[in-house]
Amino acid sequence: MKKTAVVLLNLGGPSTQEEIRPFLFSLFYDPSIITLPNPFRYFLASLLTWRRLTEAQHIYSCLGGGSPLLKNTKAQALALEAELGKGFRVFVAMRHARPLSEETVEIVRAYDPDEVVLLPLYPQYSTTTTESSFKAWRVAAEGWKIKTRLVQSYPQEDGFLDAMKELFLPQYREAQKKGKPRVLLTAHGLPEKTIKKGDPYQRHVEETAQCLIEKLEISSFDSILCYQSRVGPLKWIGPYADEEILKAAKEKRPLVVIPLSFVSEHSETLIELDQTYRDLALNAGCPAYHRIETVQTHPLFIKGLAKLVTQSKLTS
């Protein structure tokens, strides 16, 4: 029987307080994120790590000391392996936290597969996430002659969209009890300069938003696509989620928030959406605030991932 190794690629997050500093430095030192040449990139990454460390330590202390992302990703790996069945094993490789690609490559080698499928847990392609993870895997696997298939992106994948729809509708009906809801379709932001260089991320997010709205089939649906998690002095793509929350609060509208670019829970959902933005909305006058869970191991999403694996194309 042919053996296929599927590798789930994700950004990663610190599992303990001790891992926060190296995680931050790895993130800021990534040339796909900060494009300066060395030694400037090294010095800037060191500075940003120092400036963000205290805030990050506080955030992860609120999550029990570390990010739940690895635990969530492993759960998705187990669910996908069960869905794919015999002949498939699913592994996890993180970009900026353990297990890094270097570690996972050795584990996959020991499995001795006939082929490898790289499956990013980023539905929308970006040079800062998808491309960076692909590059890290290629470097780690250099010299290993193995057939490799890539899933580039899946912003319009039916299982992904149907899972979000199923999670959304009960929350939307609950919000209707407080008035006509405004739906915020949120995604992680990027600096405008990244998009202007040709990064397809914003276009992919817009595709996800439009396809989901069409699937929902709600008359007089009031929604807006916006972006969260901006940091630093650069101009980021907008509109900004916090500003849209304040607009809804002025109109006394109940809010329903759907995270479009995240498929599992971590600090941007559990802290930024569930605490920072919720407090902002309710304190400013929104009569209700509902945040839709990420798709995680939803059966429809996992079935969609399995389909992507079986339809992936050979690249090497």
task: Using the structure shown, decide if LYS3 is under 20 Å from the mean Cα position of the chain (by Cα) and either at pLDDT 95 or above or of a type in the set (Lys, Arg) (or both).
output: no
query: What residue, among those in region 97-128 that are of a type in the set (Asp, Glu) and part of a loop (DSSP other than H, G, I, E, B), is surrounded by the most Cβ atoms within 10 Å (Cβ to Cβ)?
result: ASP114
message: Please go through region 53-70 and give me each residue that is without any contact (Cβ under 8 Å) to a residue 40 or more places away in the chain and of a type outside the set (A, V, I, L, M, F, W, C), ordered by number.
response: THR54, GLU55, HIS58, GLY64
task: Specify which of the listed residues (GLU83, GLU131) is in a helix (DSSP H, G or I) and either under 30 Å from GLU217 (Cβ atoms) or of a type in the set (Phe, Trp, Tyr) (or both).
output: GLU83
- request: For HIS188, state whether it is surrounded by 17 or more Cβ atoms within 10 Å (Cβ to Cβ) and touching a Gly at 6+ places or on another chain (Cβ under 7 Å).
  value: no
task: Using the structure shown, decide if GLU265 is closer than 19 Å to PHE168 by Cα and surrounded by fewer than 22 Cβ atoms within 10 Å (Cβ to Cβ).
output: yes
message: Every residue in region 231-243 that is surrounded by fewer than 23 Cβ atoms within 10 Å (Cβ to Cβ) and either out of contact with any Pro (no Cβ under 8 Å at 6 or more places or on another chain) or at positive phi (or both), please.
response: VAL231, GLY232, PRO233, GLY238, PRO239, TYR240, ASP242, GLU243
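Residue by residue, here is whether (1) within 18 Å of the chain's Cα centre (by Cα); (2) under 23 Å from PRO259 (Cβ atoms) holds:
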residue	(1), (2)
GLU81	no, no
GLY85	no, no
ARG89	no, no
ARG95	yes, yes
LEU100	yes, no
THR104	no, no
ASP114	no, no
PRO120	yes, yes
THR130	yes, yes
query: Does ILE20 satisfy being crowded, with 20+ Cβ neighbours inside 10 Å, hydrophobic (A, V, I, L, M, F, W, C) and in contact with a Leu (Cβ under 8 Å, 6 or more places away or on another chain)?
result: yes
message: Quick test of your reading of the structure: ARG51 fulfils all but one of (1) over 23 Å from the mean Cα position of the chain (by Cα); (2) under 30 Å from ALA110 (Cα atoms). Name the failing condition by number.
response: (2)
field: Evaluation of ASN10 against (1) surrounded by fewer than 19 Cβ atoms within 10 Å (Cβ to Cβ); (2) of a type in the set (S, T, N, Q); (3) modelled with pLDDT of 95 or more (one fails), failing number
entry: (1)
query: Restricting attention to region 141-151, which residues are surrounded by fewer than 17 Cβ atoms within 10 Å (Cβ to Cβ) and in contact (Cβ under 8 Å) with a residue 24 or more places away in the chain?
result: TRP144, ILE146, LYS147
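The values are calculated or read from the model by the stated rules, or taken from the named source; none is laboratory data. The structure presented is a predicted model; accordingly, all values stated were derived computationally and were not measured. Please note: Cβ atoms are built from the backbone with ideal geometry, for glycine as well, and neighbour counts cover all protein chains shown.
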